[in-house]
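Heads up, the thing below is written out as structure tokens.
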Amino acid sequence: MSETPPDERPSDGREEPPDGRPSANGEEPVDGDDTPPRDGHRVLVPVEILRGEAVPDAVVEALASVSVVVLGYHEIPEQTAPGQARMQFEERAQNELADVVGAFEAAGAPVTSRLVFTHDPMKTFERIAVELSCDSILLLRAAPTIDRLLVPIRGNVNVEHIVGLVGTLVAGTDIEVTLLHVASEPEAVDDAEALLGSAAETLAGIGSEGERIRRTVVVDDRPLETIAEVAEDHDVTVVGESRPSIRDRIFGDPSELIAERSVGPVLVVRRPYLELDEE
Amino acid sequence: MSTDPPAPESGTVTEDATRHEGGTELERTIGLAGGLSIGVGTMIGAGIFVFPGLAAGNAGPAAAASFAVGAVVALLVALPTSELATAMPKSGGGYFFISRGMGAVYGAIVGISLWLGLVFASAFYLVGFGEYAVGALAEAGVPVGGGTMVVVLGVAVGVGLTAMSVTGTENTAALQNVIVALLLLLLSAFLFYGLLDAVGVFGAETVPGTFAPEGYLPVLTTAALVFTSYLGFAQVATVAGEITDPGRNLPLAMVGSVVIVGIFYVLTIFVATSAIGSAALEDAGETAIVEVAREFFGVPGAVAILFAGLLATLSSANASILSASRALYAVSRDAIVPAGASRINLKYGTPHVALALVGGPVVALVATGQTELLAEVASFLHLVMYGLICIALLVIRREDPDWYDPDFTVPGYPVVPAVGALSSFALIGFMQRSSQAVGLVVMAGALGWYLYYARDVRLKGGFGDE
């Protein structure tokens with residue numbers, strides 16, 4: 001798929017990224033379908049094509065600073081051979097996908113796209129995410145505006161990659177970030193403050209002014225319920241994958257609750273990348 | 001992969017998807033367990049739950065040998081089919097291989113016969129379901145008599161299954177896997193007890209009686225009758241385009257499912273004839289295995305096997321209806337029948353026309369209630385395809401085109417495919433005249449259709465020229 005060179009990037013009032021921040025655009029390989037972004041982030045955006053799912057403008061804008069893989073997928077029941085659906089719907093699906101890709105390109109993001117007919121969307125997400133080295137996957141929901149991002153942080157591990165991605169996304173925008181930790185007991189609050197403090201520092205280090213970062217520590221023994229409640233006041237939630245796969249994450253996993261209750265999009269940071277950071 | 005990939009479903013095959021030019025991908029979602037479940041699930045309903053009574057009535061305890069003969073023939077075909085499927089992991093199975101190896105005439109006859117063969121098979125399973133449903137009602141104290149009620153229930157379920165296939169979008173594959181696993185567990189326990197009983201652990205050793213009371217010819221005619229129990233492995237090939245890691249999983253699923261059900265069948269007949277004798281089995285008819293369970297475990301055993309029989313015949317019927325719809329898709333893709341036949345609707349994403357073209361004839365055939373005729377015609381049409389699959393392998397190997405690069409190669413080439421072809425055709429010779437006549441009429445109809453509608457279609461070696 002084509003990519004818009006940086007100099008053609010339409011001016012959208014964003015500041016230029018400050019020094020030290022990995023350039024999301026400049027270092028993209030020219031025809032970079034399968035090559036992973038060198039040090040930027042790459043977000044997989046599955047779009048249920050042919051069923052009228054649209055990518056909200058606010059999402060397109062928010063992702064303008066990272067590499068994006070648009071995965072147009074059409075789920076077919078097992079009574080139907082995937083080739084059968086392809087024979088009939090391919091052209092229409094390709095057209096719809098081209099529209100979505102066009103929107104991302106207009107916003108300036110380097111875009112790759114895939115169209116898949118599948119019986120099992122979760123398997124497809126996982127496969128494409130691995131093939132195209134996406135470090136996160138955005139589960140679309142309606143998003144009229146994106147002003148506030150919620151980043152629940154569980155523990156010391158994984159923080160760096162998640163925060164790095166968040167920093168890249170919000171740099172040069174007015175998006176506010178809430179770092180949230182749910183402590184199970186009051187004694188853990190100090191540690192949590194320290195944890196969020198260092199996360200906020202990292203975030204500020206890659207271009208987010210301090211006043212846009214809020215830190216919240218809540219003491220509650222039902223962390224997921226709490227996260228879901230706080231998420232209601234935010235537009236997008238960023239969560240780290242806690243099980244080996246996105247499939248588990250969505251169907252058999254604590255974050256099911258977050259994804260289900262969230263009215264806004266959920267950005268899931270994939271586990272292999274998180275583990276990489278742990279080392 | 002080949003540089004000159006097969007048309008029209010060309011594209012690069014990977015373990016998890018088929019990638020077409022233009023960037024469109026088709027996800028592969030059926031693993032080895034799913035493939036085995038399709039094969040075993042399609043087959044086990046017939047061999048264990050419908051045939052034992054009929055087979056033992058015809059051949060006595062030697063019916064076990066009939067099932068063994070069937071298993072050998074099925075294996076001789078499953079091996080060549082595996083090789084072709086790994087070289088062409090596309091939807092359509094036997095039709096695809098034969099049309100590409102031998103040309104459109106053979107392809108059209110086989111493709112249309114496969115659709116109708118599966119229609120006959122589905123009808124056969126549904127009649128079996130009706131027998132079990134009536135048996136279950138009788139067990140529950142609602143004796144409804146035989147004949148008519150069997151047909152009525154079979155027809156009702158046939159209509160229901162077709163309607164569900166058109167409108168249902170929930171994932172039933174997982175359910176199918178569970179059902180097959182449950183059936184295998186239940187049957188293993190049943191057979192284990194039965195074998196111990198037969199060798200005398202629970203008292204006197206039971207003898208199955210004279211092995212072949214009617215002589216050895218009935219062994220072969222019975223093998224021809226019960227061959228319907230071995231049709232499922234070809235259904236694995238019809239979804240070859242959706243199997244993950246096809247080079248490994250296709251051969252394992254096809255050969256594996258034949259071996260699994262073959263062992264279960266032979267043991268079941270041995271246990272059944274040992275337990276209550278051939279005459280009693282014959283009297284019990286299609287639900288004979290229930291009487292065997294009753295002999296071992298009393299009413300709970302009978303109820304368990306009735307329940308298992310309902311599940312097994314239902315899953316076999318469902319799998320066959322879906323396969324038949326795939327078979328129609330394969331021939332319509334190649335313009336042998338109008339493309340409208342495999343159109344799918346956006347609302348449910350299902351091929352409603354093809355499903356109706358399967359469900360309608362199925363229901364009509366169930367209404368005849370002719371278990372043996374339905375089974376033999378289904379076998380007839382499949383055996384013709386099996387023989388031609390073996391021949392297609394011989395033809396393709398001899399021509400050795402560039403694109404032909406199977407991951408699995410048949411052992412014992414060329415003996416295995418040659419014997420496979422001969423034994424498939426030979427088995428047809430042992431069927432009843434009426435079944436042979438109906439089978440020939442269907443094939444003649446298919447040929448007539450080809451001459452009328454699809455005479456211009458060229459498919460042989462048509463990997464590049466669509």
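Here are some notes:
- Percent RCO, i.e. relative contact order, over the range A:88-236, from Cα pairs under 8 Å lying at least 6 residues apart: 24 percent
- 10 Å Cβ neighbours from other chains, averaged over peptide B:25-34: 6
- With R₀ fixed at 51 Å, the C-beta to C-beta distance from B:V144 to B:T210 puts the FRET efficiency at about 0.90.
- Two-site label geometry, A:N95 and A:E187: point separation in nm, points 7 Å out along Cα→Cβ: 6.6 nm
- Distance between the C-alpha centres of the range A:109-158 and the range B:218-263: 40 Å, rounded to the whole angstrom.
- Taking the helices alone, chain B has a mean residue ellipticity at 222 nm of -24500 deg cm²/dmol, built from -39,500 (n - 2.57) per DSSP H run of at least 4 residues and averaged over all its residues.
- Per-residue shielding of B:241-249, expressed as the average number of other chain Cβ atoms within 10 Å of the residue Cβ, stands at 1.
- Three-way shape label, the range B:379-466, alpha-carbon gyration tensor, a/c 1.5: oblate
- The range B:285-343-the range B:78-96 distance, computed between alpha-carbon centres (Å): 22 Å
- Cβ-derived FRET efficiency at R0 51 Å, B:A189 paired with B:Y453, nearest 0.05: 0.50
- Other residues within the sphere of radius under 11 Å centred on the Cβ of A:A103, judged by their own Cβ, net out at -4 (K and R +1, D and E -1).
- Highest average packing first - B:403-413, B:149-159, Cβ atoms within 10 Å: B:149-159, B:403-413
- Other protein chain Cβ atoms within 10 Å, averaged over every residue that makes up B:336-349: 3
- Calculated FRET value between B:D245 and A:A194, using beta carbons and R₀ = 51 Å, to 0.05: 0.60
- Cα gyration tensor shape for the range B:333-385, rounded if a/c is under 1.5, else prolate or oblate: oblate
- Sorted peptide list for B:370-383, B:330-343, B:251-264, criterion being average Cβ within 10 angstrom, highest first: B:370-383, B:251-264, B:330-343
- Here the peptides B:46-55, B:238-247 are ranked by packing, the mean other Cβ count within 10 Å, and the order with the highest first is B:46-55, B:238-247.
- Dipole of the protein assembly as shown, positive direction: furthest Cα of B:T81, B:A198, B:G429, with charges on the beta-carbon: B:G429
- Taking a ≥ b ≥ c as the square roots of the eigenvalues of the Cα gyration tensor, an a/c ratio of 1.5 or more together with a/b larger than b/c marks the protein assembly as shown as prolate.
- In summary, the helical segments of chain B meeting the span-like criteria, namely a full DSSP H run, a Cα extent along the axis of 27 angstrom or more and a mean Kyte-Doolittle hydropathy of at least 1.6, are B:63-87, B:147-167, B:173-198.
Each reported figure results from applying straightforward, stated rules to the coordinates on display, with no laboratory input. Nothing here was measured: the structure is a model prediction, and the numbers come from that model. Backbone-built Cβ (ideal geometry, glycine too); neighbour counts: all protein chains shown.
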